[in-house]
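Q: There's a structure below that I have some questions on.
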């Protein structure tokens, strides 16, 4: 009898866990930030990886905004991520290699805005989750580097900052004539 009671209790707990209310409590973030450092010759490459959890059933888009350590936007662009898809972007070769100024920044900030299109207009959309590797020098004088990985930090996005990011990106792409663009990895070519 005791085993039957434990079985029923476990079954009830699993039913509660998989009920609609429990499943509806996912992460609703759509704006993330991370940093990159030691983006220099001889150091390993940092990577930003983003997955589409498939909850929406359709493609989602990741808008990347790459800043140098002087808070100047250097590159931007939008990459598509299919349901249950993985996007891996190298900082050296895809996010910070084609800057507006032509100078590759050694450190800075990467902002990611997740969105979908509704009636041909971008709207914030939850469903993307990301991680970034960070390259750290083992000691200040050595040429040895260590690599760590951490989730992208959820961040707050005001309407003013969202508008400013997309406007700056538009100006950057218009003025850059091909400079300042992020290169997206084709699916199934991430590694």
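The values are calculated or read from the model by the stated rules, or taken from the named source; none is laboratory data. These numbers come from a predicted model, not from an experiment. Quick reminder, even Gly has a Cβ in these numbers, built from the backbone with ideal geometry, and neighbours come from all protein chains shown.
Q: If you check every pair at least six apart or on different chains, which have Cβ atoms under 8 Å apart with a residue in segment 130-151 that is outside any strand (DSSP E or B) first and a residue that is surrounded by 11 or more Cβ atoms within 10 Å (Cβ to Cβ) second?
A: Every condition considered, the pairs that remain are 138/145; 138/146; 144/137.
Q: Working only within segment 152-162, note down all residues that are assigned to a loop (DSSP other than H, G, I, E, B) and either surrounded by fewer than 16 Cβ atoms within 10 Å (Cβ to Cβ) or at pLDDT below 95 (or both). Outline the logic, then answer.
A: Residues of segment 152-162 assigned to a loop (DSSP other than H, G, I, E, B): 152, 155-158.
The answer is 155, 156, 157, 158.
Q: Also, I was wondering about something else. When segment 163-182 is examined, which residues are found to be in a loop (DSSP other than H, G, I, E, B) and over 23 Å from residue 30 (Cβ atoms)?
A: Start the filter on segment 163-182 by keeping residues that are in a loop (DSSP other than H, G, I, E, B), which leaves 177-180, 182.
Residues satisfying the conditions are 177, 178, 179, 180.
Q: Here is a further query. Considering only residues that are part of a strand (DSSP E or B) and closer than 13 Å to residue 37 by Cβ, which ones fall in segment 101-129?
A: Residues of segment 101-129 that are part of a strand (DSSP E or B), as a first pass: 108-118, 121-124, 128-129.
Across segment 101-129, the qualifying residues are 108, 109, 110.
Q: Which one of these does residue 61 not meet: (1) surrounded by 20 or more Cβ atoms within 10 Å (Cβ to Cβ); (2) under 15 Å from the mean Cα position of the chain (by Cα); (3) assigned to a strand (DSSP E or B)?
A: Unmet condition: (1).
Q: While we're looking at this one, here's another question. Are any residues in segment 81-97 within 12 Å of the chain's Cα centre (by Cα) and either surrounded by fewer than 20 Cβ atoms within 10 Å (Cβ to Cβ) or assigned to a strand (DSSP E or B) (or both), and if so, which ones?
A: So the first thing to find is which residues in segment 81-97 are within 12 Å of the chain's Cα centre (by Cα), and the list is 81, 86-91, 95.
81, 86, 87, 88, 89, 90, listed by residue number.
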